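Please read the structure below before turning to the comments.
Nothing in this text is a laboratory measurement; each read-out follows from the coordinates by a stated rule. No experiment lies behind these values; they were computed from the predicted model shown. Don't worry about glycine lacking a Cβ; one is built from the backbone with ideal geometry, like all the others, and counts go over all protein chains shown.
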Amino acid sequence: MTREHRQTRYRVAGMDCASCAAKIDTAVRRMPGIEDVKVSVMAGTMTTMDNGSADLDAIRSKVESLGYKANRIADAGLESRASGVPANDHEHCRHEGHHHDHGHSHDHDDHGHGQQDRTGAVKKNTKASSGVHGHDHGPLDGPWWKTSKAQLTIICGLALGAAFLVGQMLPQTQPWGFIIAMFVGLIPIARRAWMGAINGSPFSIETLMTIAAIGAVIIGATEEAAVVVLLFLVGELLEGIAASRARASITALADLMPKTALLEVGGETRTVPSDSLSVGAVILVRPGDRISADGEVISGDSAVNEAPVTGESVPNRKEAGDTVYAGTVNGEGMLRIRVTATSADNTIARVIALVEEAQESKAPTERFIDRFSKYYTPGVMAFALLVAILPPLIAGEDWGTWVYRGLAVLLIGCPCALVISTPAAIAAGLSAGARRGLLMKGGAVLESLRKIDFVAFDKTGTLTEGKPQVTDIVGIGRDEREVLRLAAALEVGSSHPLAVAILTRADVEVVPVRPADDAGAVGGKGVVGSLNGVELFLGSPRAARERTELGAELDGKIAALNDAGKTVSVLLAGGEIAGLIAMRDEPREDARAGIGRLKELGADALMLTGDNTRTASAIAASLGMEARAELLPQDKQRIVGELRGTGRVVAKVGDGINDAPALVAADIGIAMGGGTDVALETADAAILHGRVTDVANMIGLSRATMSNIFQNITIALGLKAVFLVTTVLGITGLWPAILADTGATVLVTANAMRLLVWRGIGREA
């Protein structure tokens, strides 16, 4: 049986604390047809899931009735899903075999090169601007003092100042002046408290504030009541500024996109808006300009500074055929680029969307604290009541004194700092990772990564570059340059990875290459042709032995190359041995360092590959790890399951090809890929820039984030404990009580923001 699900995303302006999110979540969740609600303070977003019957306009109106502004920014439409499957659950793509679009084949029986076919769905997301509303703690456009919340705080402060001055001249009016000043700020607070209460949130901070202020007036502490209301508004304003700065950490990525682009049409160029570029369009990027779209270089040669996207300061050389990303900065050369993604689907847009969605997914610690706060706040209210009434009733103490202390306890007990301690750190951690090409799909993933103690790697395209390279040219009957020239002649026009490797080496060595005549494949054995009347053959040693005797000495050289994990092709010219060409898919430059960093973190590493044992063992040995080879996808899945069965917490790292079963089976699946759809959509996390060291960086970021959360919880609870004791003892009153709440919230948020400067393990933070 299936059911219809509709997912709708909103940009919500006005949220600056966990209390805001809790009120919105509770109110919307109670509406007809709503099945699930996710609210992120740090992202300023809300996602609802309904059964297709919910009134979307009513949802927006409900949010606005609470004092916030809601704008719909995405509607996932109707999706038919099996009952019980989360609508936002990602799917792992299937992996298909490969084919070679050339007329000949290579049979290298000592080495297998699995080519991989990447697939994935493009996730389209649109950005909407946040509006400004009366309860404005949201993103700050322009000076902070122009926001309506700041203006309310200023008016309340002026009213308090006027009440003080009038009271100095007319002392008998002073209490009434402070009461009026208090109500200037309290009326909007009380309204929010009332709307929260009738929508399922009776124990909000606004409720506590309203009770405390009115109670203070009743016992005659009118001046303190007015000051406490002003301090509350100041605290909310500071929280809003802090939350805005936190949001800016990821949304600032959008500012990397240039507003215009130079579009080439019919040999002429004209300036057009960047968001108008379509897939297939050709743009020119001048030296020093930002690249306005994801694309592929058609012509030109230049160094591109990818630091805005990758965080790496060293520019990357780009030439024809290379991929470039929107927002990166062109160096000294002119580039012609074919656009491969629209502005809504480029790398930056997808990263922003993915991180915002991830921030809506709560970590286990955050969910626990949310549950805890539901009981904590009513408990604090009950304790404050007992503080207010028990000493007068039991010991005959002064009612005014103890009611005053009870009201102070009420303010201290607000859980805002405690509840925001986890999401603020999670949001900062997700943002810090995203700006460095480390994408994690939610707080649960970020939190779980700290426990990883075993990492299983795919080989091709993950630990290695995924591109075979010519490593050795051995001249026997001909010199090395001639061997390369003849081999390249046979491979002209082929897209086979081994052929590409030979042609690339010929290009690097500046070897002139003329295509061979009558070149073609010899069924699974190699390729033949002729050049200047000389018959040529290039193929595996086994196929070469069918044509001529190799000899023991040559067999020894081939065996030594094979033992080093290299694929060997034999070149015959005129029926005689001309030479050998050895190729290998070389490890990534940082692979060994990455494995070493994992060991420093207490995590073991293992290579899981479908390649042959000899090659796998050679590569693994060079990296300081073990290997299990000649595996099918189901074998990798089984091994991951066996590792988990021994109590290990396993991460599986692959390039999204032939790794889906193992990625699903692991505790955390990590896709390795340069910003492709599969890297963003396949697994629980994605490493955009293909660095093996980033696996260790992910674990290190997770541990740094959890340490930050522990610090935040300590700050939040520690300050409250200190002021609770001092208040009950009569040392501190209402003013310090409200400062203990708002001050702790600001401190916790500021501490979480320290994660934004995190740069990775082994680097200076």
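Quick look at the numbers
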read-out	value
Region 258-342, relative contact order [Cα under 8 Å, separation at least 6], %	37 percent
Added length on full extension, which subtracts the Cα-Cα distance from 0.36 nm per residue, F372 to E296	22.2 nm
Inter-label distance for D555 and T401, nm, one decimal - labels placed 7 Å from Cα along Cα-to-Cβ	10.4 nm
Sites L170 and R759, calculated FRET efficiency, Cβ-Cβ separation with R0 51 Å, nearest 0.05	0.25
For region 561-572, 3J(HN,Hα) per residue [Karplus equation, 6.51 cos²θ - 1.76 cosθ + 1.60, θ = phi - 60°, Hz, x = Gly/Pro]	5, 4, 4, 8, x, 10, 8, 10, 10, 9, 9, 10
Amide hydrogen neighbours beyond the local backbone of E35, cut-off 5 Å, H modeled	M49, D50, N51
Under the Karplus curve 6.51 cos²θ - 1.76 cosθ + 1.60, θ = phi - 60°, whole-Hz ³J(HN,Hα) for region 503-516, x wherever Gly or Pro sits	5, 5, 5, 4, 5, 5, 7, 6, 8, x, 10, 10, x, 6
Magnitude of the charge dipole, region 480-599, Cβ model with Lys/Arg +1 and Asp/Glu -1, debye to 20	500 debye
FRET efficiency, R545 to T646 (Cβ-Cβ, R0 41 Å, nearest 0.05)	0.35
Residues L256 and E465, FRET efficiency given R0 of 30 Å [Cβ-Cβ distance, rounded to 0.05]	0.65
Full-extension gain in nm, D604 to I394, via 0.36 nm per residue minus C-alpha separation	69.3 nm
For A578, distant residues with modelled amide H under 5 Å away	G477, L571, L572, A573
Alpha carbon centroid spacing (whole Å) that separates region 139-200 from region 419-472	47 Å
Cα gyration tensor category, rounded, prolate or oblate, for region 465-587 with a/c compared to 1.5	rounded
Using θ = phi - 60° and Karplus 6.51 cos²θ - 1.76 cosθ + 1.60, couplings along region 590-605 (whole Hz; Gly, Pro as x)	9, 4, 5, 4, x, 5, x, 5, 4, 4, 4, 8, x, 10, 7, 10
Gained length - Q151 relative to V534, 0.36 nm times residue gap less alpha-carbon distance	129.0 nm
Cross-link pairs beyond the 26 Å C-alpha cut-off, checked among K62/K720; K441/K652; K467/K636	K62/K720
Under 19 Å from K525, Cα to Cα: lysines that are on another chain or at least 8 residues apart	K566
Top positive-direction residue, dipole computed over region 258-342 with Cβ charges, set S299, V285, T269	T269
Other-chain or far-sequence residues with amide H under 5 Å of A303's (modelled H)	K318, G331, E332, G333
Mean separation of Cα contacts under 8 Å (6+ apart) over length of region 465-587, as relative contact order %	34 percent
